[in-house]
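Have a look at the structure below before the remarks.
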Amino acid sequence: MNRKTAVWLLIPAFFGVLVFTFFPLIEIAIPTFQSQAGFFSLYTQFLKSSYNWTVIGRTFLIAVLTVIIVLILGLPISLWIGRQKKTVRQVLNLLILFPMLTNAVVRNFAWIIILGRDGIINKLLLSLHLIKAPLNILYTNTSIIIGSVYLFLPIMINTLIGSVAELNVEIEEAAAVLGSSPWHTLFKVIIPQLATSILTGCILVFAGTMTAYTTPQILGGNRHLVMATLIYQQAMTLGNWQNASVIALILIVISALSMWLMKRLSYRLDRRMTNA
Amino acid sequence: MANLEVKNLAKSYDGKTKVLQDISFTIENGELVSILGPSGCGKTTTLRIIAGLIQETAGQILVNGKDITKTPVYKRNFGMVFQSYALFPHLSVFDNVAFGLKMHKLSKQEINEKVSGILEMTGLSDLASQFPAQLSGGQQQRVSLARALVTNPEMLLMDEPLSNLDAKLRLKMREEIRKLQQEMKMTVLFVTHDQQECFAISDKVLIMNQGRIEQFDRPENIFHHPRTEYVARFIGYDNFIPVNADNRQDSYHIAVKGTRLTTEENNENAKVLTIRPENIQLNADSTENTLTGTITGREYLGQSFKYTIHSELGDFQVEEARQKMRSSGDEVKLTLRAKHLHPLSE
Amino acid sequence: MLNRKNKTLTIISLIILALIMLPLVLVVITSFNNQSSISLPITGFTLSWYSNIFQQPDFITGFESSLLVALIASFLALIIGIPAVYALTRYNLQHAAWFQSFFLSSTLIPEIVIGFALYQTAVITFKMPVFISLIIGHFLLCLPYVIRLITASMLMMDSHIEEASWVCGCSPKKAFFLIVLPNIKSSIIAAFMMCFINSFNNIPISLFMNGPSLTMLPPAILNYLQNNYDPTVSAISVVLMVFTALMMFLVEKVIGISNITK
């Protein structure tokens, strides 16, 4: 077939991505290196501020904790759903898919109802006389983590269900015949087989949480900024475009680097699985 | 239908590795020719170049003497049956068959007539409104055949059309294809890796190996007179005795370690002598081309036993139709009749 | 064995499932409450918050522009993405894998950064209309879904089908419309649905370009939520959920929903 045709078919998409993704990135990157104080001076300046480090640290901490919690919650339910009969599985799939496709504002807003000063949890604890004054859960790191877990749990489950359904049950039966307890089988037989999908899920959740804007905006308030909300604040509230660009680039580097690391790891796992 | 001439066809994807080289052959009008070879020998590539699905690196393809090498696939008017049948999943049986006619811009009425005719001929009339996914393998095969034939193609190209069917259906379909081909006097090029299938239905067989033609002849000629050691091995000549300057005595005799073998054919250019396992006789009442050996292995084949016999000329594979089993370690006399002992030059 | 009959596993899973569904149920309940602030348990039933949605001009125009942008961006992504995927899966190109990851590269860049960079470059520097810039941003969001889903189904499709149509006398250009498109129909619908929903729900990309000249729905809700705390937010949330459910139902009817997550 004609190579020329192929080139024509590729051109619109190629230039679309090039011009509208990469060109703007370069556009905002260039001024950040043009400071009179030196090539990297804006970056060193940014990283000198302990406040900025707090934001970076918070972003990272929230992402890591979210991944861990999502994984702990997602694994058992994925195992359970993945092993249902096909019809049941499809219904459960829909139940998982529905929140995934629902607007993030809605999903985060739901947690205001639950976590707020007037929220269900406080009312419940007060009525049980477990606490005397309402707890401040909302607008803390905790509430951001809770919101992120809620936002990304369906994605993890959705990533895992497919591979769980493909697991060969005979392998577990073989392990059981050899004397492996169910608990032991879970950690030594099932989870190793799911390693690649688990990592894929973790990459999705980690990158999503790292760069999320909506959740920290709604559930974090102004005092608990993360990098994404800091970019918006710097640019739109303070009008400091250069600083916003600096944070944007740092965010790209951090998230790309972490994803690259995790992908390397999953590639190695993949090879181990296929060679075995 | 037409005759096809392929001249010096060559194909290389990277300029170095030759996938095909120097492929030349002719298919006469109304002939069914098979290309036989193991996977990767270039048989499908040859077929796809003739169809126009792959660009050749060099060579010419002529249909009725007219060069079609530069004609794009959709203007060649060939019929083709794919290994996967490649039926259009979104179209009914009727529309699958009508597709080519629509492309040739026939009137609705003509299309209806022709499609109904071919569906009847292939026994598919009742399935016209079904979709491919609802059909059995055999039925899909028939639809694919009907689709290929309905446009009155210059010739029919078949790429391992039977390999996805179970053994019983395969036999039935190959008979049907042969019958249809003879009734319609179709020119057919048939690609297969199944030797039995290919010998059963072909007028001529083209055996390929590593991108080259090993032999192109009538099936019975190939069977009795393989041209090369490769062909001989491929069609079941299991025994090979090397011929060289040391053991060749004259045009009709060689002698190895005291055993003298006579051939009916001239062995002047021979590199090797070959004989089929079933053509070696055990303990026959004859002194013609005889040597002795010891049985070292045995396989039961149902109709016969296959023995591995060690002799001073090396190991021989011998198939004996006698139901009385010989035992390992038995000493036997092997007779290699001169008329069955073929010298091969390549 | 850890199968679906394992009691511990079932209980844990049901609790997690409830935790996933419960917050959304609470939103629905609060939307009917007759108190002027969002609270539970509800003290009475009213539909006035739903009618209040229509008193908010930002919600109405926001819905319109979000719908329009999502539709245009999804179409654009399909029209530009499908030919690219076709080229990558059918032409045996040397750098096909490279192009593939290039087209997916925007998934590696945080959406908020895409929105910010696009706003600065397109809107501020090059003075492009906000509407056009928004569509470009949402197109970038949609393209990876098209590339992923269509590539998967192109690879699943037997390429011999196309060849068979050529042998039947169909030119490759015609075959693309008569054979290829009908056979990847369900993945086109799936891709469209993913594009549409994600574009319609998107905040980070719309955020910067959202303003007095053009309001998008999700930022408008976010804005309302930060200034008011009444059940109107619950009501519009319920409307959005119904909207999502309707789309899922439609897709389920047409192609089976399981197709869209692969």
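We did not get these values from a lab; they are worked out from the coordinates using the rules stated. Please read these numbers as outputs of a predicted model, since none were measured by experiment. Methodologically, a virtual Cβ is constructed for each residue, glycine included, from the backbone with ideal geometry; neighbour enumeration extends over all protein chains shown.
Shape call for chain C from the C-alpha gyration tensor, a ≥ b ≥ c root eigenvalues: rounded (a/c under 1.5), prolate (a/b greater than b/c) or oblate?
Working: a/c = 2.29, a/b = 1.44, b/c = 1.58.
Oblate.
Between A:A29, A:V55, A:A6, whose Cα lies farthest towards the positive end of the dipole of segment A:1-95 when Lys and Arg beta carbons carry +1 and Asp and Glu beta carbons carry -1, centred on the Cα centre?
Going by the charge dipole, the pick is A:A6.
Take the Cα radius of gyration of segment B:57-99 and divide it by 2.2 N^0.38 Å, with N its residue count; two decimals is plenty.
Normalised Cα radius of gyration, segment B:57-99: 1.56.
Helix check for chain B. Which DSSP H runs span at least 15 Å along their own axis by Cα, with a mean Kyte-Doolittle hydropathy no less than 0.0?
Result, helices passing both filters: B:93-103.
Output the 0 to 90 degree angle, nearest 10, between the alpha-carbon long axis of helix C:57-90 and the longest principal axis computed from the alpha carbons of chain C.
20 degrees
Charges at C-beta only: +1 for Lys and Arg, -1 for Asp and Glu. How large is the resulting dipole of segment B:129-184 about its Cα centre, in Debye rounded to 20?
The dipole of segment B:129-184 has a size of about 200 debye.
Quick one: Karplus J couplings for segment B:255-266, per residue in order, coefficients 6.51, -1.76, 1.60, θ = phi - 60°, nearest Hz, x for Gly and Pro?
With the stated coefficients, segment B:255-266 comes to 9, 10, 6, x, 9, 10, 10, 9, 10, 7, 8, 5 Hz.
Round to the nearest 0.05 the FRET efficiency obtained for B:D126 and B:T71 when R0 = 45 Å and r is the Cβ-Cβ distance.
Taking R0 as 45 Å, the efficiency between B:D126 and B:T71 is 0.75.
Indicate the gyration tensor shape class of segment B:58-205 (rounded, prolate or oblate), computed on the Cα atoms with a ≥ b ≥ c the square roots of the eigenvalues: a/c under 1.5 is rounded; otherwise a/b larger than b/c is prolate and the rest oblate.
Taking the square roots of the gyration eigenvalues as a ≥ b ≥ c, segment B:58-205 is oblate.
Which value in Å does the Kirkwood hydrodynamic radius of chain A take, with 1/r averaged over all unlike C-alpha pairs and then inverted?
Mean inverse Cα-Cα distance, inverted, gives 21.9 Å.
Return the percentage of antiparallel bridges among DSSP beta bridges fully within the protein assembly as shown, rounded to the nearest 5 %.
Here the share of antiparallel DSSP bridges comes out near 75 percent.
Treating only the Cα positions of segment A:122-232 as identical point scatterers, give the base-10 log of I(q)/I(0) from the Debye formula at each q in 0.19 Å⁻¹.
Summing over Cα pairs of segment A:122-232 leads to -0.93.
Just to confirm my numbers, what's the Cα centroid distance between segment B:101-164 and segment C:75-141 in Å?
About 44 Å separates the Cα centre of segment B:101-164 from the one of segment C:75-141.
Once the Cβ-Cβ distance between B:A133 and B:H104 is put in as r, and R0 is 41 Å, what FRET efficiency do you end up with, to the nearest 0.05?
0.95
Mean-square fluctuation check for chain C, GNM, Cα pairs under 10 Å: which of C:A77, C:A122, C:A190 is largest?
C:A122
Name the residue farthest towards the positive end of the dipole of the protein assembly as shown from the options B:N112, B:S345, B:L157, assuming +1 on Cβ of Lys and Arg, -1 on Cβ of Asp and Glu, about the Cα centre.
Farthest towards the positive pole: B:N112.
Could you sort B:42-55, C:171-184 so that the peptide with the highest average Cβ count within 10 Å comes first and the rest follow in order?
My ranking of the peptides, most packed first, is B:42-55, C:171-184.
Can you give the average number of partner chain beta-carbon atoms within 10 Å of each beta-carbon in peptide B:103-115, as a whole number?
The per-residue average across the peptide is 1.
Taking beta carbons within 10 Å but only from partner chains, what does the mean come to for residues C:196-208?
Other-chain Cβ atoms within 10 Å of each residue's Cβ, averaged: 4.
Using label points projected 7 Å from each Cα along Cα→Cβ, tell me how many nm separate B:T26 and A:Q242, to one decimal.
Rounded to a tenth, the inter-label distance reads 8.4 nm.
Quick check of the Kirkwood formula: for segment B:169-244, what is the inverse mean of 1/r over all pairs of different Cα atoms, in Å?
Here the Kirkwood hydrodynamic radius works out to 13.8 Å.
Considering only DSSP beta bridges with both partners in segment B:155-222, what is the antiparallel share in %, to the nearest 5?
Working: 5 of 9 bridges.
The antiparallel proportion sits near 55 percent.
What is the average number of partner chain Cβ atoms found within 10 Å of a Cβ in C:13-23? Spell out each step's value before the answer.
Working: counts 10, 2, 3, 9, 7, 0, 5, 12, 4, 3, 13.
Across C:13-23, the average partner-chain Cβ count within 10 Å equals 6.
Give the residue list of trypsin sites (Lys or Arg not before Pro) in segment A:174-272 that are DSSP loop and have at most 10 other beta-carbon atoms within 10 angstrom.
A:R223
For C:K7 paired with B:Q303, estimate the spin-label separation in nm (one decimal), with each label point 7 Å from Cα along the Cα-to-Cβ line.
Placing both labels 7 Å beyond Cα along the Cβ direction yields 6.5 nm.
Pairs of lysines 8 or more apart, or on different chains, with alpha carbons under 27 Å: count those in chain A, would you?
Details: A:K85/A:K188; A:K86/A:K188; A:K123/A:K132; A:K188/A:K263.
Eligible lysine pairs with Cα atoms under 27 Å apart amount to 4.
Please report the base-10 log of the normalised intensity I(q)/I(0) for the protein assembly as shown, using a Debye sum with one equal scatterer per alpha carbon and no solvent, at each q in 0.09 (1/Å).
-1.04
Once you have a ≥ b ≥ c as the square roots of the Cα gyration tensor eigenvalues for chain B, tell me rounded if a/c is under 1.5, and otherwise prolate or oblate according to whether a/b is larger than b/c.
Prolate, because a/c is 1.5 or more and a/b exceeds b/c.
Please find the FRET efficiency linking B:A284 to B:R233, where r is the Cβ-Cβ separation and R0 is fixed at 22 Å, and quote it to the nearest 0.05.
For B:A284 and B:R233, the calculated efficiency is 0.30.
Do any trypsin sites (Lys or Arg not before Pro) in segment C:82-169 lie in a DSSP loop with no more than 14 other beta carbon atoms within 10 Å, and if so, which?
Details: sites: C:R90, C:K127, C:R148; in loops: C:K127.
Answer in residue order: C:K127.
For segment A:33-46, what does the Karplus curve 6.51 cos²θ - 1.76 cosθ + 1.60, with θ = phi - 60°, yield as ³J(HN,Hα) per residue in whole Hz, taken in order and with x for Gly and Pro?
Along segment A:33-46, the couplings run 9, 9, 5, 5, 6, x, 4, 9, 4, 4, 6, 4, 4, 4 Hz.
Which one, B:V191, B:I177, B:H225, is farthest towards the positive end of the dipole of segment B:124-230 when Lys and Arg carry +1 and Asp and Glu -1 on their Cβ?
About the Cα centre, the residue reaching furthest to the positive side is B:I177.
Go from 0 up to the bin containing the longest alpha carbon distance in segment C:159-237, width 10 Å each, and give me the % of pairs per bin.
In order of increasing distance, the bins hold 16, 26, 18, 14, 15, 9, 2 percent.
Loop-only chymotrypsin sites (Phe, Trp or Tyr not before Pro) in segment C:88-128, please: DSSP not H, G, I, E or B, and at most 14 other Cβ atoms within 10 Å.
Hits after loop and neighbour filter: C:F126.
Provide Rg over Rh for segment B:224-346; use the alpha carbon set for both Rg and the Kirkwood Rh (inverse mean inverse pair distance).
0.96
I'd like the isolated cysteines in chain C, meaning no second cysteine's beta-carbon lies under 4.7 angstrom from theirs.
C:C168, C:C170
Once you put a point 7 Å from the Cα of C:S186 and another 7 Å from the Cα of A:I131, both along the Cβ direction, what distance in nm separates them?
It works out to 4.9 nm between the two label points.
Compute the separation of the alpha-carbon centres of segment B:322-346 and segment B:220-241 and state it in Å as a whole number.
16 Å
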